[in-house]
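Contents: one structure, followed by commentary.
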Amino acid sequence: MTIHGNTNGLSPSDLHALERLYRRRVPFDRLLTPELARSMAEISASTGRQVGVIADRSGHVQFVVVGDSSKLMLPDVGRVRAAQGRFRGLRLIHTHLTPEGLTRDDLVDLTRLRLDLVAAINVGKNGEPETVHYGHNVPVAPGSSESPHRTIGPLSYQALIGELVQVDPAALIAGLEQEFARVARTRVVDAKDGRAILVHVCEKHDAWRAEESLRELAELARTAGVEVVDQVLQVRDRIDPKFVMGRGKLDEIVQRSMQVDASVLIFDRNLGPAQAAAIAKAIDLKVIDRSQLILDIFAQRAESRDGKLQVELAQMKYLLPRIGQKDDSLSRLTGGIGGRGPGETVLEIGKRRARERISRLESELEKLAVQRRNRRQRRNRRDVPIVSIVGYTNAGKSTLLNALTGSETIVEDKLFATLDTRSRRIRFPEEREVVITDTVGFIRDLPVDLFAAFRATFEEAQDADLLLHVVDASDPALGEHIKTTEQLLGQLELSNVPTLLVLNKCDRVPASEVASMVRARDAVPVSAIDPSTFGPLLERLERMLFERGSGVVTRSATGSDELDLDDAIPPSITSVRLTAARPVEEAPAPRGPYFDDAAIDALIAGSGSKSAPAAAPARTRSRAR
């Protein structure tokens, strides 16, 4: 029989008295019994400490806890039951040495642990029970600011024991669980992965971007399939090394999670392994940081073998330091000196297997990287210009690729809708063609392991002749997005590649502001959903890629299996870009074919690969002078 809590300084008789509490029984239809109440009061009076028991619904005492004069530290009582509306099936009965009601700590434990109820016995100066307070959780309507618990008391101990005051916990808890289940069934959950509270904690010098950071975190949560029910912002002089925020604010979040029925807490920062463990233990909610949220999105979106391996590698590197403490002396099961004894623990076996899996993933990714390098070398021998579309996530890169080439790449109003590199081809007049490649979007504070895993993907952009840096002109954080993208391009050693800034979604911005941004940043304005705005972009592309003195190497290519630019975009665009317009009565333009990474060589060579259906024959155009 274990006595939990602060047992330092207790005499053997006190410890024996505490152990005898395990023999007491508390029927589920009784708030407490005289024998239990008097025993706890006597021990509290003799030790000067609070004493508590945690009893289950069968009446057995599961835990005996001793604290100090003002509070108890409860042990780990296990996981809450999974059924909707169910409580944990445990009651906390403890003593108070001063005449007071349920304290803040009592109510936080009631809410955080989803206990059946919490009762406090006020011990008088004579060491006898005097009054009793108790509280229980109550359901609240969605979005309500009402308290998630109700307290009753003070009740006279003598009246309670003499049954002058009727309290039936069994009937009370049964009715509450039915009501909680009814409220949970009527609550509409739009997201597949539950409800979450977002938390942003920052120091004062970073407070200026807190709102924008929370907005981006909300978009990440929506993309991951989580319904955001509340947001918490705290500005501090310095970040708490253990809980990130103050303990009082953490307790408020626990109570708020009960009000809004949230089961996930998402932090807008990267938590260390010790921080995540401490917070999860303190609040009994699922704790996710920014890196884990982004990794989850990538795991949902990855489609190709490369993408899945890269995401798995990043996840394994993220989880490895969170498995537990490292112990090099038990790193392998082996014989001989140092190998005798109990051998590896389960923890060490898990860590070793994780390291072995990481090594295998890195080996497979290196083989795929070699294959990509070989394909790029064959492409370079064909001398076909390559344009890579880069930019912040959800800036409209895939939408622009679809509009330029007539393809059907997945497009969603979510972050990281496209992870795998996709290439399409357009053909300019005079038998000149260009391969356009879409890449994964960037984001602020991209997890280090994820960035390292996807670094090989961006090798495609290193051989590009031109980068199209696409930004959302309507986003208030436009400047920050451009700065973030430029920093990541520098880390990828792409700063020397010629870059054209494209201001997308200009239809959402007043024309005067668009003109100002174009002049200030030497950019090209477009709206990816309006092909009539592509004229200046196509002219600028042709000039930078093919005209001499443009700073881009001039390339040429020929082939029979080609996609004419005039077939991939509407007639209005070809007329804008100084090419003879197509008559309106002609047949509609066919869609561009999809070319995966392995089929690009055949695409460029015009060999008629099975994955690249033949496009319409090129038409002769006269260039306006």
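Keeping all protein chains in the complex and leaving out DNA, RNA and ligands, what accessible area do you get for Ile386 with a 1.4 Å probe, in Å² to the nearest 10?
Only protein atoms counted, so the area is about 10 Å².
Based on the Cβ-Cβ distance from Arg57 to Arg236, what FRET efficiency comes out when R0 is 41 Å, to the nearest 0.05?
Details: r = 42 Å, r/R0 = 1.02.
The formula returns an efficiency of 0.45 here.
How much accessible area per residue does segment 12-169 have, counting only protein heavy atoms and a probe of 1.4 Å, in square angstrom?
Per residue, segment 12-169 has an accessible area of 45 Å².
Quote to one decimal, in nm, the extra length available between Ala159 and Thr2 on full extension: 0.36 nm per residue of separation minus the C-alpha distance between them.
Numbers: separation 157, 0.36 × 157 = 56.52 nm, distance 3.32 nm.
The span from Ala159 to Thr2 would gain 53.2 nm if fully extended.
Toward the positive end of the charge dipole of segment 102-159, about the Cα centre and with charges on Cβ (Lys, Arg +1; Asp, Glu -1), which of Ala119, Ser147, Thr131 goes farthest?
Of Ala119, Ser147, Thr131, it is Ser147.
Using heavy-atom solvent-accessible surface (probe 1.4 Å) with all chains present, what is the largest-first order of Thr103, Thr98? Let's see the in-between values first.
Numbers: Thr103 35, Thr98 70 Å².
Sorted by accessible area, descending: Thr98, Thr103.
What FRET efficiency comes out for Glu539 versus Ala511 if R0 is 22 angstrom and r is the Cβ-Cβ distance? Round to the nearest 0.05.
Working: r = 20 Å, r/R0 = 0.90.
For Glu539 and Ala511, the calculated efficiency is 0.65.
Answer rounded, prolate or oblate for segment 3-183, using the Cα gyration tensor with square roots of eigenvalues a ≥ b ≥ c: rounded when a/c is under 1.5, else prolate when a/b is larger than b/c, else oblate. Write out the running numbers ahead of the final one.
On the way: a/c = 1.74, a/b = 1.53, b/c = 1.14.
Since a/c reaches 1.5 and a/b is larger than b/c, the shape of segment 3-183 is classed as prolate.
Could the peptides 389-399, 42-52, 280-290, 505-515 be put in order, highest first, of the mean number of other beta-carbon atoms found within 10 Å of their residues? Walk me through the numbers before you get to the answer.
Details: 389-399: 24.9, 42-52: 21.0, 280-290: 18.3, 505-515: 14.8.
For the peptides 389-399, 42-52, 280-290, 505-515, the packing ranking is 389-399, 42-52, 280-290, 505-515.
Given the Cα-Cα distance of Glu480 and Lys249 and 0.36 nm per residue of separation, how much length would full extension add, in nm? Walk me through the intermediate numbers first.
Numbers: separation 231, 0.36 × 231 = 83.16 nm, distance 2.96 nm.
80.2 nm is the gain from fully extending Glu480 to Lys249.
With every protein chain kept in the model, how would you rank Met316, Met1 by accessible area, 1.4 Å probe, largest at the top? Kindly include the intermediate steps, with their values, before the conclusion.
Working: Met316 45, Met1 140 Å².
Correct descending sequence by accessible area is Met1, Met316.
Amide H neighbours of Leu501 under 5 Å, counting only residues 5+ apart in sequence or on other chains, H built in-plane at 1.01 Å?
Amide H neighbours of Leu501: His469, Val524.
What does the charge add up to near Arg25, with Lys and Arg as +1, Asp and Glu as -1, over the other residues with Cβ less than 11 Å from its Cβ?
Details: positive: Arg23, Arg24, Arg30; negative: Glu35, Asp56.
Neighbourhood net charge equals +1.
Once ligands and nucleic acids are excluded and a 1.4 Å probe is used, how much of Tyr22 is accessible, expressed in Å² to the nearest 10?
The accessible area of Tyr22 comes to roughly 30 Å².
So if R0 is 51 Å, what FRET efficiency would Glu211 and Thr151 give, r being the distance between their Cβ atoms, rounded to the nearest 0.05?
Values: r = 36 Å, r/R0 = 0.71.
So, using R0 = 51 Å, E works out to roughly 0.90.
When the solvent-accessible surface of protein heavy atoms is calculated with a 1.4 angstrom probe, in what order do Ile121, Ile323 fall, highest first?
Values: Ile121 0, Ile323 65 Å².
From most accessible down to least: Ile323, Ile121.
Give me the extension gain from Arg222 to Asn374: residue separation times 0.36 nm, minus the current Cα-Cα distance, reported in nm with one decimal. Each step should come with its number before you reach the end.
Numbers: separation 152, 0.36 × 152 = 54.72 nm, distance 3.87 nm.
This chain segment gains 50.8 nm when fully extended.
Counting alpha carbon pairs within less than 8 Å and at least 6 residues apart, what relative contact order, in whole percent, applies to segment 3-183? Mind showing how you got there, number by number?
Details: 360 pairs, mean separation 37.0, N = 181.
In percent, rounded to a whole number, it is 20.
Using 7 Å Cα-to-Cβ label points, what is the Asp168/Gln491 separation (nm, one decimal)?
Simple spin-label model gives 6.3 nm for this pair.
The values are calculated or read from the model by the stated rules, or taken from the named source; none is laboratory data. Keep in mind the model is a prediction, meaning the values are calculated, not measured. Every residue, glycine as well, gets a Cβ built from its backbone with ideal geometry; the counts of neighbours run over all protein chains shown. All accessible areas refer to the heavy atoms of the entire protein, side chains included, with ligands and DNA or RNA removed. Shrake-Rupley method; radii C 1.70, N 1.55, O 1.52, S 1.80 Å.
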